1. Over segment 2-55, what is the relative contact order in whole percent, taking alpha-carbon pairs under 8 Å and six or more residues apart?
2. Obtain the nm distance between the two label points defined at residue 49 and residue 30 by a simple spin-label model: each point lies 7 Å from its Cα along the Cα-to-C-beta direction.
């Protein structure tokens, strides 16, 4: 899991770097390009966070027993 955390942090840094470059760029085409790259990297960050969250809280498979008795 540490590997995913490391990758997540690197994606965050890269996204922020792209956003900074976008803000500082004087060429409108470069500004747009780096803004789009930052957006895509932010989407990747969200996806990796979802994967990490799913691994941290494994889903419970329904085995037919919920731990409570039904009133039959």
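1. After rounding, I find 43 percent.
2. With each label placed 7 Å out from Cα toward Cβ, I get 3.0 nm.
Each reported figure results from applying straightforward, stated rules to the coordinates on display, with no laboratory input. If you're wondering where the values come from, they're calculated on a predicted model, not measured in any experiment. Counting neighbours? That spans all protein chains shown, and the Cβs are built from the backbone with ideal geometry, glycine included.
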